[in-house]
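Here's the structure we're looking at; comments come further down.
The values are calculated or read from the model by the stated rules, or taken from the named source; none is laboratory data. Just so we're clear, the structure is a prediction, and the values are computed from it rather than from any experiment. As a convention, Cβ positions derive from the backbone with ideal geometry for all residues, glycine included, and neighbour counts pool all protein chains shown. Surface accessibility is based on the protein's heavy atoms, side chains included, excluding ligands, DNA and RNA. Shrake-Rupley method; radii C 1.70, N 1.55, O 1.52, S 1.80 Å.
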Amino acid sequence: MLLEGKRGLIVGVANKRSIAWAIAQAAHREGAKLAFTYQGERLKESVSELSATLGGASPLFECDVTNDAQIDATFQGLKEVFGTLDFLIHAVAFAKKEELEAEFLITSREGYRLALDVSSYSLTALAQRAVPFMTDGGSIVALTYYGAEKVIPRYNVMGVAKAALEASVRYLAFDLGPKKVRVNALSSGPVQTLAARGISGFTDMMKHVESRAPLRRNVLIEEVANAAVFLLSPLSSGITGETLYVDCGYNIVGM
């Protein structure tokens with residue numbers, strides 16, 4: 001029960017295959033009380049059905065992370081149902097499909113702006129609202145990927161957005177340390193999610209990682225979720241501003 005009595009907001013659950021949902025299940029297992037966001041009516045039913053399986057009533061809030069009014073409304077709702085907040089999971093990212101199908105060179109100005117807004121700036125926007133609720137300190141965890149550090153063909157503008165996200169983690173960690181709020185990134189190896197299926201050649205990517213990673217396999221979504229619980233819990237109390245790789249060791253391999 002590493003998170004017993006803790007209250008957290010999970011941003012980014014899309015369906016049962018989402019890494020965010022695996023994290024939610026692990027956090028619930030460890031005793032956390034959770035709230036969720038969803039984007040638009042299309043996802044509301046899915047998130048509602050999933051949250052209901054945890055038992056009890058988990059607060060749900062509509063939140064488009066590019067919409068400041070909806071972010072404000074989400075935290076106003078959290079104030080009413082939770083009062084305080086102990087952790088935040090940031091698991092949202094988006095890039096236009098056409099920006100992931102060719103060369104990075106052809107990235108449009110609007111595609112670049114949208115990817116950076118949704119995938120990177122949203123962490124700062126959410127942190128701005130979350131921190132005042134973390135009256136006794138807290139933990140913020142953002143999901144990232146190795147494409148932020150090295151070129152992954154066809155990851156393109158999303159890699160640039162994730163690089164900005166990881167830099168944001170470091171700057172937020174510096175700003176929020178005096179408030180006892182820790183900020184870290186969790187870099188998972190490739191996992192079969194709805195977002196991953198939008199990346200051209202994703203199946204080949206998984207085969208390559210399996211053949212080259214020191215553990216000779218791809219990471220399990222449950223392993224990613226357990227690492228997130230570690231970063232949310234007191235076990236990681238001395239860790240902030242870091243990117244934790246959970247990828248069966250693939251990131252250490254040069255050739």
Which label belongs to the value computed from this structure, given these candidates for Rg/Rh (Cα atoms, Kirkwood Rh): (1) 1.07; (2) 1.09; (3) 0.94?
(3)
Please state the shape class of region 91-243: rounded when a/c is under 1.5, otherwise prolate if a/b exceeds b/c and oblate if not, all from the C-alpha gyration tensor.
oblate
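Going through region 1-69, which GluC sites (Glu not before Pro) have at most 10 other Cβ atoms within 10 Å and a DSSP loop state? Let's see the in-between values first.
On the way: sites: Glu4, Glu30, Glu41, Glu45, Glu49, Glu62; in loops: Glu4, Glu30.
Counting only loop positions with at most 10 other Cβ atoms within 10 Å, the GluC sites (Glu not before Pro) in region 1-69 are Glu4.
In deg cm²/dmol and to the nearest 500, what is the mean residue ellipticity at 222 nm of the chain if only DSSP H runs of at least 4 residues count, each as -39500 (n - 2.57), divided by the residue total?
Values: 8 runs with 99 residues, N = 255.
Helix contribution divided over all residues of the chain: -12000 deg cm²/dmol.
Only loop residues by DSSP count here, and only those with at most 12 other Cβ atoms within 10 Å; note down the chymotrypsin sites (Phe, Trp or Tyr not before Pro) in region 1-91 that meet that.
Working: sites: Trp21, Phe36, Tyr38, Phe61, Phe75, Phe82, Phe87; in loops: Phe82.
Within region 1-91, no chymotrypsin sites (Phe, Trp or Tyr not before Pro) qualify (loop, at most 12 other Cβ atoms within 10 Å).
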Kindly report, to the nearest 10 Å², the accessible surface of Leu244 as traced by a 1.4 Å probe over protein heavy atoms only.
60
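Dipole of region 148-196, Cα-centred, from +1 at each Lys and Arg C-beta and -1 at each Asp and Glu C-beta, to the nearest 20 debye?
Roughly 100 debye, rounded to the nearest 20.
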How much of the accessible area of the chain, in percent, comes from carbon and sulfur atoms when a 1.4 Å probe is used?
54
With +1 on the Cβ of every Lys and Arg and -1 on the Cβ of every Asp and Glu, the dipole magnitude of region 148-255 about its Cα centre, in debye rounded to the nearest 20, is 80
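Leaving out ligands and nucleic acids, and using a 1.4 Å probe, what accessible area per residue does the chain come to in Å²? Don't skip to the end; give the middle numbers.
Details: 12170 Å² over 255 residues.
Normalised by residue count, the accessible surface of the chain is 48 Å².
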Positive-end residue of Tyr245, Ala91, Pro132, charge dipole of the chain with Cβ unit charges
Tyr245
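Given a Förster radius of 35 Å and the C-beta distance between Arg217 and Ala163 as r, what FRET efficiency does 1/(1 + (r/R0)^6) yield to the nearest 0.05?
In this case the efficiency is close to 0.85.
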From the cross-link list Lys96/Lys179; Lys16/Lys162; Lys44/Lys96; Lys150/Lys179; Lys6/Lys207, the entries with a Cα-Cα span beyond 30 Å are Lys96/Lys179; Lys150/Lys179; Lys6/Lys207
Taking the Cα-to-Cβ direction at Met1 and at Thr203 and moving 7 Å from each Cα, how far apart do the two end points lie in nm?
4.6
